[in-house]
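Written below as C-alpha cells is the structure these notes are about.
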Amino acid sequence: MFKEYTRITNIIGDIIELEAEGVTYRELASITNTNGDTSLAQVIKIEGTKVSLQVFAGAKGMSNRATVRFLGHPMKVSYSGDLLGRIFSGSGQPIDGKPPIENAKDTEIGGPSVNPIKRVVPRNFIETRIPMIDIFNPLVESQKLPIFSTPGEPYNDLLARIALQAQADIVVLGGIGLKFDEYIGFRRKFEEGGVMDRTVMFVHTAADPVVERLLVPDMALAVAEQFGIEGKRVLVLLTDMTAFADALKEISVAMEQVPSNLGYPGSLYSDLASRYEKAVDFEGAGSITVLAVTTMPGGDVTHPVPDNTGYITEGQYYLVNGMINPFGSLSRLKQLVIGKVTRKDHGPVMNAMIRLYAKALESKKKISMGFEKTETDEKYLRYADLFESRFMDLKVDITLESALDLGWKTMSECFTPFEVGIKKDIVEKYWPK
Amino acid sequence: MIDSSSTTGHVTGINGNMIVVEIDQGSVIQNEVAFVTVSDMKLKAEVIKVVGKNCYLQVFEDTTGIGVGMKVDFTGNMLAVELGPGLLGSIYDGLQNPLGLLDNKQGFFLQRGQYKDPLSREKTWEFKPVVKVGDKVRGGQWIGEVKENFLTHRIITPIGMHGIATVKEIVSEGTYKITDTIAKIEVNGKVIPLNMFQDWPVKKAIKAYRERIYPEELLITKQRIIDTTFPVARGGTACIPGPFGAGKTVLQHLMSKYSSVDVVIVVACGERAGEVVELIHEFPEITDPKTGGSLMDRTIIICNTSSMPVAAREASVYTGITLAEYYRQMGLDVLVLADSTSRWAQAMREMSGRLEEIPGEEAFPAYLESRIAGLYERAGLVTLHNGEKGAVTLIGTVSPAGGNFEEPVTQATLKVVGAFLGLSRKRSDERKFPAIDPLDSYSLYIEQMESSLNRDLDRDWTKMVSRSRDILRAGAEVGKMMTVVGEEGISLDDLVMYLKSELLDFTYLQQNAFDDVDCASDIERQVVDFKLLYRALTQDFKFNSKPEARQFFTTLQDKYYQRNYYSPDSDEFKKLVGEIEESLVSGGNSLV
Ligand SMILES: Nc1ncnc2c1ncn2[C@@H]1O[C@H](COP(=O)(O)OP(=O)(O)OP(=O)(O)O)[C@@H](O)[C@H]1O
Ligand SMILES: [Mg+2]
C-alpha cells in the first residue's frame, strides 16, 4: 500500500531528495539504509516530483540506494495514561527497557493552536520557596518561562528543584541534547522526590542525531496537551532549547535558506513561538506550564536564540554566577497574582527592594572607582550585602510569607521609611516597629 | 463564494506556507484569494506572485497534507474585510474570522479551513435614513445610521463607487438586518441595491474623503510622559520600539484602556495569546467613563498571535487599519494599536525568503521600507465631504533584534512616524515605568500642536515642557559626571540640578500602571500636577551643604510621589499639596 522508492538523487547535510509522487507536505517516511539501519524522515519541501525530506537519524552513512517508504501521515506520538513513569528517546522509542505502549491513541504533533477565547487568565501562584522567584518574579500556573543561563551554570538543578516543588499533577521532561549525566541526574532526583511515577520523559542526548532534537519539544508538548485536556495540571520542562534552535539552523542551512541572523532562519521566532505558545490554562480543563532552559552562547543575551525567546515567553529567570539576577529576570504574569493571591504588601516590597538594590549597585560601582563613601552609600552597601545573602543565594529555601517579612526587616535595618518609596498606608502597616 | 466557471489550477509545489499552483483555466489577479482543497477542507490562500502559467500563493493555514495535483479554485476577489454594524466588541483573527463564533464547534483548538461571517446576519438594527429619494450621493457618503453600542454608526454608500449617484429608494425608519436592502441608488445608468454592509480589500486605503489635514490636536492617553513630554496628535503616528520585556505591550494596553477616543482597534500581531486573553476578560468589566458602557463596546480586537498562521499575521495589520478607516469615514476618532509591527515585517520576510527574492539587510525584503511607510500613511486626520472630521491614529510597537534600534524595521519606522517613544532596557531593569527613555525619545507633534496646547492646557505649556526637558538633560549630564568624579567632584548647584531631574523623573515621568489611581492621569490633573512640579524645578534653592540638599529633596520627592496615589478631591491629596507648597516656600531659604 505504501509506495517505496530506492533512488535518492541528492544528499545534502541531513536532507535527502528524491523523485516521488503522491506525497503530501510534512508526510512521514521511513528510510531503510542499505546496511539495514532505519530512520524516520519528514517531507519539508515539494517541487513537482522532487521531494525533500529531513532525516531524523541524520544522513551520515546514507546510501543513495536506501529505501524510502512514505507512510501517508505526519508525525504522531502515542498517548495513553500508561506513559507515566516511562522514558522515551528523541524519536519516541522506549529506552527504559520496558515494552512499547499498547492501546495508545495516536496524536498529531505540532497540532493547531488553542483558540484564544478558550484560554482563561492565569491566576494560580506556584510557590518555589526561592525568594528571587517568589518575591520578585513569581511563577504562575500556565506560564511559559525559560531560565536564561550562561553555559556551566546549575540550570538543570534549578529546573529540577522547581519541578519538585511545583506540585504539578504530571511532569513531562523534554531533554534536548542532554548530557548523559544530566539525564541520569533528572531521573535520580525525580525518583528520590517521588514524582517519577507521574513523569514522562523524552530524552535526546548529546550523542543522538541532531535532527532528532526537532521532535522532542513537539512530542513532549503533544503529550502534555492531551493530559491538559483531560484536566491535569501539567508541567513541561524543556532543556536545552538552544540545542533545539541549533538543529533548526542546521536544516535551514542545508536547505540553502537565506539566514536572518548568525545563520538562524528568519522563521526562528515563529518556530519557537509555536512551541512555547502551547502553554495554556484551558477553560474548564487543565493547564500546561512550560519551564525551559535557554543557554546563552557566550553569555550573550542578545544572541538570536535567547533574544527571540525573550520576545516569546512570559519572562525569564536570568541565571548568572550561581544566582538568579534580579535585573534580567522577569515574570510577566506576576501582576496577576501579586497582591491578589499573595499579601497586599507584596507588590510594594518587590518594587522597593529592587530599586534599592539598583541604587546599591550604583554606590558599589562608584566606590570601586575610588570615590569617597558618603553616609548614604554606607546604607546602600549594607543593604546590598544583606540582599545578596538573604535573598539571592540559591541555597535560601523559605516561604513567600517569611521572605516578605525578611524583606521588611532588611529594609528597616538599613533605611528610614521615607527612603524606600512605598505608599504610606503600607509602610505604616508593615514597617517593623 | 467559489464559482465553478472561474479560474482553477492545481498544486505543483509546497514550501512551508507557500504553494506553487499551475493555472488550468481562466485568468488570475495579483492578490486575489483562492482556496486549496485538501481532503474535505478548503484552505484560504492569496496570490502573491504570477510567473507565466504558475502562480505563488501564501496559504493562511498550516499546509500539512497538501500534495501535488490538489485542486485550487480562484475567487477573483482580493483579500477583503466586511464593513458594517456589529464590528465593535468583536474578536477576530487576522482574516476577520470571528473567534467567538468558531469556538462552539471546534472545541479548544482552531481547526483549519473554518471560515465564518464576520458580521452577524441575524442581528437587527434600528435604521434611520438621512437621505431622501432624489438626493445626490457619492462613494462613502452617509445615507443612514444605526446605534452600535454607544455610538452612531453611519451606513455609507459603496466606498469605491465612482461618480455621483441618485437615491432611487430608501427605506423608512425601522428594524433591519445588515443583509436587508435599505436603499437603491442609480449610478451611470445602473440601479444598485444597497444593504448595510460592504466588502473592502484590506491592502487598499479608503480615501473617500475631501482632504487630509494637519493634525494639531492632542490625543489624550492619560500617560504623563506621553501627553506632557512626547505627545501624539490625533490622526498622527507613533512607534514604541524596545527590547523584550521593556513594557511595550503594557503601555499599549494602558493606551487602549484610557485614551480619549471613540473607537480602539487592538491588533495583536504575532505576539502572545495570553496578552489578548487578559484584554478579552478585562475589557467587558471596565466602564468607559465617556459612554457609561464597557470598554469592550468601543473596542475591536484583531488577534493573530504568534502560533497562528504566519500569512494571516501579515494580513492582520491591514485588517486592523481598514476597520479603522471605516470608522473614520463616520467622522469618528479611532486609535489603532499594533503589537508588534516587527512580527508583521517578519511575516513578509518569511514569504520573501520562500519566493527567493533578493534579500536586503537582515534578510528583510527590499520593499520593507515602502510597506512600512505605506501602512503608517493610512493613519491621518481627514475632512469628509460633509465637512465632518475623522481621525485614525496609529501607534505600533517594534521589537528590534537584540534590542538594538539600528535594525531595518526600527529605522524604516522612524523615518515615517511623528513620535518616537523608545523604551530602554536600563529603565525597565530599574523598574522605571513606563520605560520610555526621556532623553532619546521625541515627538514632532509638540511643535505642530504648539498653539492648541498653549490654548487648551496653559499659556506657557510648551515653554514649561521644554524647560523641564532641559533640566532633565542637564541632570543626566551631572549624573554621568558623578560616576566619573564622584559627588565630591561636582558643585552644589550641579547636585541640585541632578536632584531636580530625579524629582521630575521619579514623580512625574514614571507612572504606576498597576495602581488604581496612578495608572491614568486626566489631562486636567496633568496640568495641575505639572505646574506644581515646575515650581520645584525652577525654584532657586539655597542650601548650605550637599547632605542638606539631598535631605530636602528626599522628603519633597516622597510627597510628590505619595500625591500620585490619591485622587485630586481626596483630603490626603490636598494635605500633601499643602505640604509641598509649604516646603517650596520655606525650601532651603529658611535655613540660610
Ligand atoms: N508601566 C508599567 N508599570 C509596571 N510594570 C510594567 C510596566 N510596563 C511593563 N511592566 C513590567 O514589565 C513586564 C513586561 O512588559 P511588556 O509585556 O509590556 O513588555 P514588552 O515590551 O511588550 O515585551 P515583548 O517585546 O517581549 O512583548 C510586564 O509584565 C510588567 O511586569
Ligand atoms: Mg509585548
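The values are calculated or read from the model by the stated rules, or taken from the named source; none is laboratory data. Since this is a predicted model, take the numbers as computed values, not measurements. In this analysis, Cβ positions are derived from the backbone assuming ideal geometry, glycine residues included, and neighbour counts consider all displayed protein chains. Accessible surface areas use protein heavy atoms only, side chains included; no ligands, DNA or RNA. Shrake-Rupley method; radii C 1.70, N 1.55, O 1.52, S 1.80 Å.
Using the Karplus curve 6.51 cos²θ - 1.76 cosθ + 1.60 with θ = phi - 60°, work out ³J(HN,Hα) for each residue of the stretch A:320-329 in order, rounded to whole Hz, and write x for Gly and Pro.
9, 6, x, 10, 7, 6, x, 7, x, 7
A:ILE126's amide H: which non-local residues (gap 5+, or another chain) put their own amide H closer than 5 Å, with H modeled 1.01 Å from N in plane and none for Pro or chain starts?
So A:ILE126 has HN proximity to A:LEU139, A:VAL140, A:GLU141.
Whole-Hz ³J(HN,Hα) for each residue in the stretch A:351-356, computed from phi via Karplus 6.51 cos²θ - 1.76 cosθ + 1.60 with θ = phi - 60°, x for glycine and proline: what do you get?
After applying 6.51 cos²θ - 1.76 cosθ + 1.60, I find 5, 5, 5, 5, 4, 5 Hz.
What is the set of long-range amide H partners of A:THR199 at a cut-off below 5 Å, with H atoms built 1.01 Å from backbone N?
Correct list: A:GLY85, A:VAL171.
Using heavy-atom solvent-accessible surface (probe 1.4 Å) with all chains present, what is the largest-first order of B:ARG535, B:ARG328?
On the way: B:ARG535 100, B:ARG328 10 Å².
The ordering from most to least exposed comes out as B:ARG535, B:ARG328.
Roughly what angle does helix B:310-328 make with the longest principal axis of chain B, taking Cα atoms, 0 to 90 degrees, to the nearest 10?
80 degrees
Taking a label point 7 Å from the Cα of B:GLU524 along the Cα→Cβ vector, which residues of the stretch B:549-575 have an amide N closer than 17 Å to it?
B:566-571, B:573-574
Using the crude model of +1 on Lys and Arg Cβ and -1 on Asp and Glu Cβ, and no other charge, please compute the dipole size for the stretch B:470-592 relative to its Cα centre, in debye to 20. Please list the in-between numbers first.
Numbers: 13 positive and 23 negative charges, 62 e Å.
In debye, rounded to 20, the stretch B:470-592 gives about 300.
So which residues in the stretch A:108-134 end up with at least 30 square angstrom less accessible surface once the other protein chains are there, compared with the chain by itself, probe 1.4 angstrom?
A:PRO112, A:SER113, A:ASN115, A:PRO116, A:ILE117, A:LYS118, A:ARG119, A:VAL121
If you count only protein heavy atoms and use a 1.4 Å probe, how large is the accessible surface of B:ASP429, to the nearest 10 Å²?
Around 40 Å² of this residue is reachable by solvent.
If I model a spin label at A:ASN325 and A:ILE398 as a point 7 Å from the Cα along the Cα→Cβ vector, what separation in nanometres do I get?
2.5 nm
How long is the gain from A:GLU378 to A:SER412 if the chain were fully straight, where each residue apart is worth 0.36 nm and the alpha carbon distance is subtracted? Show your work: numbers first, answer last.
Numbers: separation 34, 0.36 × 34 = 12.24 nm, distance 1.44 nm.
Here the segment from A:GLU378 to A:SER412 would lengthen by 10.8 nm.
How would B:PHE108, B:PHE150 rank on accessible area, largest to smallest, probe 1.4 Å?
Values: B:PHE108 40, B:PHE150 110 Å².
Solvent-accessible surface, decreasing: B:PHE150, B:PHE108.
Report B:VAL416's accessible area, 1.4 Å probe, all protein chains in place, as a number in Å² to the nearest 10.
Roughly 50 Å² of B:VAL416 is accessible to a 1.4 Å probe.
Which semi-axis lengths, in whole Å and largest first, follow from the square roots of five times the eigenvalues of the Cα gyration tensor of the protein assembly as shown? All intermediate terms of the calculation are to be shown ahead of the outcome.
On the way: eigenvalues 461, 351, 113 Å².
Its equivalent ellipsoid spans semi-axes of 48, 42, 24 Å.
Let's test the formula: R0 of 22 Å, r as the Cβ-Cβ distance of B:SER6 and B:VAL51. What FRET efficiency results, to the nearest 0.05?
FRET efficiency, B:SER6 to B:VAL51: 0.60.
Extending each Cα 7 Å along its Cβ direction at A:LYS365 and A:SER80, get the distance between those two points in nm, one decimal.
Computed distance between label sites A:LYS365 and A:SER80 equals 6.0 nm.
Mind checking which of A:LYS249, A:LYS232, A:LYS423 has the largest fluctuation in a GNM of chain A, springs on alpha carbons under 10 Å?
A:LYS423
Determine the distance separating the Cα centre of the stretch B:262-320 from the Cα centre of the stretch B:485-529; give it in Å without decimals.
Answer, in whole Å: 33.
On a C-alpha basis, how far is the centre of the stretch A:375-433 from the centre of the stretch A:177-201 in Å? Whole number, if you could?
The two parts, judged by their Cα centres, are 37 Å apart.
With every protein chain kept in place and ligands, DNA and RNA left out, what is the accessible area per residue of the stretch A:81-331? Probe 1.4 Å, answer in Å².
In whole numbers, the stretch A:81-331 has 31 Å² accessible per residue.
With r as the distance between the Cβ atoms of A:GLN167 and B:GLU361 and R0 = 51 Å, compute the FRET efficiency 1/(1 + (r/R0)^6) and round to 0.05. Before the final figure, lay out the partial values.
Numbers: r = 48 Å, r/R0 = 0.95.
E between B:GLU361 and A:GLN167, to the nearest 0.05, is 0.60.
Compactness ratio of the stretch A:85-161: Cα Rg over 2.2 N^0.38 Å, N = residue count?
On the way: Rg = 17.8 Å, N = 77, 2.2 N^0.38 = 11.5 Å.
In units of the 2.2 N^0.38 Å rule of thumb, it is 1.55.
At a probe radius of 1.4 Å, what is the per-residue accessible area of A:SER274, in Å² to the nearest 10?
40 Å²
Based solely on its DSSP helices, what 222 nm [θ] is calculated for the protein assembly as shown when runs of n ≥ 4 H residues each add -39,500 (n - 2.57) and the sum is averaged over all residues, nearest 500 deg cm²/dmol? Kindly include the intermediate steps, with their values, before the conclusion.
Values: 27 runs with 320 residues, N = 1025.
It comes out at -9500 deg cm²/dmol, rounded to the nearest 500.
Scan chain B and report its longest stretch carrying no GluC sites (Glu not before Pro) that are both in a DSSP loop and have at most 10 other Cβ atoms within 10 Å. Show your work: numbers first, answer last.
Details: sites that count: B:GLU122, B:GLU173, B:GLU406.
After excluding every exposed loop site, the longest remaining stretch is B:174-405.
Sticking with the crude label model, points 7 Å out along Cα→Cβ, report the distance from B:ASP440 to B:ILE164 in nm, one decimal please.
Those two pseudo-labels are separated by 5.5 nm.
Using +1 at the C-beta of Lys and Arg and -1 at the C-beta of Asp and Glu, which of B:GLN223, B:ILE321, B:ASN404 has the Cα lying farthest in the positive direction of the dipole of the stretch B:211-444?
B:GLN223
Given R₀ = 51 Å, what would the calculated FRET efficiency be for B:ASN188 paired with B:SER451, taking r from the Cβ atoms and rounding to 0.05? Working shown, then result.
Values: r = 45 Å, r/R0 = 0.88.
Given R0 = 51 Å and the Cβ-Cβ separation, E is 0.70.
Amide H neighbours of A:TYR318 under 5 Å, at least 5 residues apart or on other chains, H built in the peptide plane: list them.
Those lying under 5 Å, H to H, from A:TYR318 are A:PHE148, A:ASN325, A:SER329, A:LEU330.
Show me the trypsin sites (Lys or Arg not before Pro) within the stretch B:37-72 that DSSP assigns to loop and that have at most 16 other Cβ atoms within 10 Å of their Cβ. Spell out each step's value before the answer.
Values: sites: B:LYS42, B:LYS44, B:LYS49, B:LYS53, B:LYS71; in loops: B:LYS53.
Answer in residue order: B:LYS53.
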